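Reviewing the structure listed below.
Taken together, the values in this text are just the output of simple stated rules run on the coordinates, not laboratory data. The shown structure was predicted, so the numbers you read here are calculated from the model rather than taken from an experiment. Please note: Cβ atoms are built from the backbone with ideal geometry, for glycine as well, and neighbour counts cover all protein chains shown.
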Amino acid sequence: MRQWSQTLCEMSESEDDDIPQLSSHTLAALQEFYAEQKQSVNPGGDDKYNVGVIEEDWQLSQFWYSQDTALRLAREAIDAAGEGGRIACVSAPSVYQKLRELCREDSSVYIFEYDRRFAIYGDEFIFYDYNHPLELPEGIAAHSFDLVVADPPYLSEECLRKTSETIQFLTRGKILLCTGAIMEEQAAQLLGVKMCKFIPEHSRNLANEFRCYTNYDSGLDCEA
């Protein structure tokens with residue numbers, strides 16, 4: 001029995017020798033990679049509000065604004081909502097992130113988003129599926145936001161129409177819509193918005209021309 005046990009022990013030691021062993025340098029590099037992956041999924045601290053810290057998911061039709069455009073839209077939102085105003089960002093995470101990066105604690109900002117990675121923003125994250133435009137938490141009252149910033153994920157009449165239901169439910173009046181230039185007529189019919197001179201840009205060049213639309217006198221109409 002002892003001989004058999006000894007043989008098993010020797011076999012086990014031999015098998016262990018056959019398992020590839022990582023060098024300390026390789027192991028350190030692997031640990032750093034896993035840490036970066038964890039950080040990209042769950043960023044924290046001051047970095048979590050950086051535009052692009054959560055990577056685009058093209059399968060969800062996500063295309064983030066450039067830094068300049070996100071900043072321009074965030075400043076417009078602050079001006080439109082007024083001091084202490086409530087802002088809803090519907091499928092517009094870049095604007096939400098830039099608003100929070102500006103550290104405007106006197107403003108109440110919520111992100112309505114299908115992608116649950118944005119749940120890192122805690123109570124300000126509201127799960128939202130445009131296919132069910134009025135399925136919102138009980139705590140979200142009708143006409144409770146001074147401004148709604150919306151960027152429907154798809155350039156289709158159906159997506160814009162359903163997103164418009166959400167916008168009209170949330171807003172007290174003001175709307176800032178970002179969508180394709182080809183949606184101008186439908187946007188005017190559904191929301192009473194007009195195209196602004198300002199042309200938004202994305203971090204990646206898109207084939208479709210994008211524009212901003214508002215239903216109020218906007219600073220976005222002061223520049224091309």
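Normalised by the number of residues in segment 111-196, the mean separation of alpha-carbon contacts (under 8 Å, six or more apart) gives a relative contact order of 25 percent.
Computed extension gain for Lys197 through Gln67, at 0.36 nm per residue and net of the alpha carbon distance, reaches 44.9 nm. Sparse packing (at most 10 other Cβ atoms within 10 Å of the Cβ) combined with a DSSP loop state is found for the following trypsin sites (Lys or Arg not before Pro) in segment 145-224: Arg204.
Spin-label model, Tyr216/Gln168: points 7 Å from Cα along the beta carbon direction are separated by 1.9 nm. Per-residue extension of 0.36 nm, minus the Cα-Cα distance of Glu124 and Glu138, leaves a gain of 3.6 nm for this segment. Applying 1/(1 + (r/R0)^6) with R0 = 30 Å to the Cβ-Cβ distance of Ala188 and Ser108 gives a FRET efficiency near 0.55.
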